[in-house]
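One structure is given here, and the rest of the page talks about it.
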Amino acid sequence: DGSRTIQWPRGELFMCQPSDDQTDLILFRGREPHQRWRAYTTALLDVAEQCGVKRIVSLGAFLAAAPHTRAPRVTARSTDPDWQTQLKDWGIYRRPSYEGPTGIVPVFLDAATARGIPHLDFMGQAPHYLQNAENPAVTQALLSYLSRLLDLELDVSPFDEAVKTFRAQCDQAIALNASVQAHVRQLEQEYDAAADESSSPLRHEDLNPGQLIQEVEDFLREEREEGDKG
């Protein structure tokens, strides 16, 4: 009708009670603020303490030299000794070594440490050549690790079809650019070589993305075979 409205960025809090014998969860989702990070962090941690939060888990992703045709790698760090042990057993624990510009999450977790609240930070590796794409494979991998960490028994299978579609679309997109195709092949070789040297990921029965990736690869192979017949 021609009228205009202002839509303020908002953060949302959700309460989750998995079962009687499991710890309650408070879920927070919000946009990174442009300014007043200290005030923002203080307000959010005040709410967390008022709600009795004992430990914090952060989920995020960063752009890396990772091919979209392989299972997303997830790394993690934690200030909680028990969680550190679990992460080391899974082969995904990484000591923080980055120095440079930062986002709100490290600022928030640093403030949580100052208040004596232990935390864990999961980070998924997304292909750097797909900077503006929402990656359901990374989301599924993060949720799979979170599910195991907190014993939540999350059903991540609804992501299966989205991942198949996403990878098929990526294949179609890079097929139009020979240089990008060559770059992806190089990333695949580096990924496979690193897999032989680094710690193995969660076992097949513990992590759904393992089965997912095989299904996606079969799907893409069938698509290529159909294309060759055409």
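The values are calculated or read from the model by the stated rules, or taken from the named source; none is laboratory data. It should be emphasised that the depicted structure is a prediction, and the values quoted were computed from it without experimental measurement. When we count neighbours, we look across all protein chains shown, and the Cβ atoms used for this are built from the backbone with ideal geometry, even at glycine. When the accessible area is computed, the model is the full protein with side chains, heavy atoms only, and any ligands, DNA or RNA have been set aside. Shrake-Rupley method; radii C 1.70, N 1.55, O 1.52, S 1.80 Å.
Backbone geometry of segment 11-18 corresponds, through the Karplus equation with coefficients 6.51, -1.76 and 1.60 at θ = phi - 60°, to 3J(HN,Hα) couplings of x, 10, 10, 10, 9, 10, 10, x Hz, x marking Gly and Pro. The trypsin sites (Lys or Arg not before Pro) of segment 1-94 that DSSP puts in a loop, and whose beta carbon has at most 15 other beta carbons within 10 Å, are Arg4, Arg10, Arg31, Arg36, Lys54, Arg94. Structural size metrics of segment 54-197, computed from C-alpha coordinates, are Rg and Dmax of 16.6, 52 Å.
Can you sort Tyr145, Tyr191, Tyr98, Tyr40 by solvent-accessible area, 1.4 Å probe, largest first?
Tyr98, Tyr40, Tyr191, Tyr145
The portion of the accessible surface of segment 54-197 made up by carbon and sulfur, rounded to a whole percent, is 50 (1.4 Å probe; DNA, RNA and ligands excluded).
With R₀ set to 30 Å, the beta-carbon distance separating Phe28 from Ala182 gives a calculated FRET efficiency near 0.15.
Approximating the spin labels as points 7 Å out from Cα along Cα→Cβ, the Arg94-to-Glu12 distance works out to 2.9 nm.
Taking the DSSP beta bridges with both ends in segment 54-197, the antiparallel portion is around 35 percent. Dipole check for segment 54-197: with +1 at the C-beta of Lys and Arg, -1 at the C-beta of Asp and Glu, and the Cα centre as origin, the magnitude is about 320 Debye.
Find the eigenvalues of the gyration tensor of the Cα atoms of segment 1-125, then list the square roots of 5 times those eigenvalues as equivalent ellipsoid semi-axes, largest first, in whole angstrom. Numbers along the way, then the final one.
Numbers: eigenvalues 142, 93, 57 Å².
Those come to 27, 22, 17 Å.
Can you give the charge dipole size of segment 1-129 about its Cα centre, rounded to the nearest 20 debye, using +1 on the beta carbon of Lys and Arg and -1 on the beta carbon of Asp and Glu? Don't jump to the answer; show the numbers that get you there.
Details: 15 positive and 14 negative charges, 105 e Å.
Using Cβ point charges on Lys, Arg, Asp and Glu, segment 1-129 gives about 500 debye.
Here segment 57-122 is treated as a sphere whose radius is the Kirkwood value from Cα pairs; by Stokes-Einstein at 25 °C and 0.890 mPa s it diffuses with a coefficient of 187 µm²/s.
The residues of segment 38-132 expose on average 55 square angstrom of accessible surface per residue, using a 1.4 Å probe on protein heavy atoms.
How large is the Rg to Rh ratio of segment 1-46 when both quantities use alpha carbon positions and Rh follows Kirkwood?
Taking Rh as the inverse mean 1/r over Cα pairs, Rg/Rh reads 1.18.
Remark on His119: its backbone amide H falls under 5 Å from those of Ile56, Thr79, Asp80, a criterion applied only to residues 5 or more positions apart or on other chains, H modelled at 1.01 Å from N. Once the Cα-Cα distance is subtracted from the 0.36 nm per residue extended length, the Asp1 to Asp82 segment shows a gain of 23.4 nm.
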